[in-house]
Amino acid sequence: MVLFVLAARFVLALVFLVAGVAKLRDRPGFAATLVAFGVTGAATSVATILIPLAELGVGIALLLTPLAAAALLVGGVLLIVFTVAAAIVMARGTPADCACFGATTAEPIGPTTLIRNVCLLALVIFVAGVGPGDGVVTAVGEWTRLAGRERILGVAAALLLLILAALSVAVGRLRNENRRHARRIGMLETELRRHQKAPVQDLGAGGLSIGSLAPPFDLPLLEGDRASLTSLTANGRSAALIFMSAHCPACQELWPDIEGWQSGTSEHLRVAVVCSGSAQTVEMKVMGHHVTNIILEGDTQIAEAYGLSLKPSVVLVAPTGLIDSRSVAGVGAIRALVNAALTVK
C-alpha cells in the first residue's frame, strides 16, 4: 500500500506539472479554452498565469510528503472546477477545444475530457482518504521486503503505465495533427471551388493612394501586449493589415487563411489583423484558430484613417511606413493580394 500511494502521488504530480508547463507555453490556446468556459475580459489574462502556477505548485507539493495533503485539496478543487466547466460547455453544445495539456494535444471538449478528469479526481480522493503516506525512504524499505515475483510484477505494472501514458500522448498528438490537416484540406478545397466558380472580385475598399504615408497607431493586442505600425514593420518587413470586424460574417471565413499565412516562414511580410469589437467577442470568433497579431481597434477608427469603407479589407505597408498596395475588400480579393505578397521574394 505504501508503494501504491507513493506511485499515485507521483502520477498526480506529473499530471499537474505537465499541465502547468503546457498551459504557460501555450497561453493563447488555454485562453481560448477559458473563454469557452465563460471566463472573459481581463480575468482571462490573469487566469492564464495563475492557474498554471497553481498547477505547478500542486505538482511540486505532491512530491513533498509534508505538503502533500494541502496539495491534494487544491488539486481536487481545480479538477472539480474544470470538470463542472467542461460539463457546462458540453451541455450548451458549444464547440471548444481543451488545451489543458498544450496545443499539441488539444482536443474537443467531450466525454473523454470528463472521464479523464473524473479518474484523476478519484485518484486524488483515494490518496487523500488513505493519507499521503510516507516518503521515498519508507517506500524503498517496503520495496526491499517484497518477494522477487512481487518486485517483477511491480516493475511490469509501472512500465505498462508508462507505455500507456506515452501512447495516450502520441495518440492525442496524432489526433490533433489529423484535425489540423483536415481543416487545412477543407480550406484548400473550398478555396479551389471558389476559384473555379467565379473570378476574384474586389468589392472596392477605397483606401489611401500608393506611396502615401500610412497613419501610425499604437493599440493593444488580444494576446495582452501592444503593437504599433513601427513594431509590425520592424526588421525590414512589410505589413499586411487586414481590417476586420467581430460582427462581420464574411470576416469569419478569413481566420483559417490568416492562421495559414502566419504559420508560414515569410521573412519579408508580417500579417496582422486590425479588428473592431470587444475583446470578448473577438476571442469567441477566433476560438479554434491559432492566430497572433490581433490588434484591437476599439473606438480609435483606424480603418477610417486608412480610408477604408468596407470590411474585410487589406492594405500592404512597406517597411518605410508608406502604403505599398491598393486597398482591396472582399474575401477573394484579400486572399489574392496576401498570397501574391507572400510569394514575392
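The values are calculated or read from the model by the stated rules, or taken from the named source; none is laboratory data. Just so you know, these numbers come straight off a predicted model, no measurement behind them. Cβ coordinates were reconstructed from backbone atoms using ideal geometry, including for glycine residues, and neighbour counts include every protein chain displayed. Surface accessibility is based on the protein's heavy atoms, side chains included, excluding ligands, DNA and RNA. Shrake-Rupley method; radii C 1.70, N 1.55, O 1.52, S 1.80 Å.
Using the Cβ-Cβ distance between T343 and I115 with R0 = 51 Å, the FRET efficiency computed as 1/(1 + (r/R0)^6) comes to roughly 0.65. Relative to a virtual label point 7 Å from the Cα of H268 in the Cα→beta-carbon direction, which members of the stretch 215-237 show backbone nitrogen distances below 14 Å? Answer for the stretch 215-237: 236-237. State whether the stretch 241-332 is rounded, prolate or oblate according to the following rule on the C-alpha gyration tensor (a ≥ b ≥ c being the square roots of its eigenvalues): a/c under 1.5 gives rounded; otherwise a/b larger than b/c gives prolate, and the remaining case gives oblate. Note, shape of the stretch 241-332 comes out oblate. Modelled spin labels at A122 and S209, positioned 7 Å past Cα toward Cβ, are 7.4 nm from each other. The 3J(HN,Hα) values that the Karplus relation (6.51, -1.76, 1.60; θ = phi - 60°) gives for the stretch 11-24 are, in residue order, 4, 4, 4, 4, 4, 5, 5, 5, 5, x, 5, 4, 5, 5 Hz. Gly and Pro appear as x. Label-point separation (nm) for Q252 and I60, each offset 7 Å from Cα along Cα-to-Cβ? For Q252 paired with I60, the spin-label model returns 4.4 nm. Computed from label points 7 Å out along Cα-Cβ, the spacing between T281 and I152 is 6.8 nm. Taking the protein heavy atoms of the stretch 201-345 in the context of the full set of protein chains, the accessible area attributed to carbon and sulfur is 54 percent at 1.4 Å. Using 18 Å as the cut-off for backbone N distance, which residues of the stretch 16-46 belong to the label zone defined by a point 7 Å from the Cα of V84 along Cα→Cβ? Residues 34-40 fall inside that zone.
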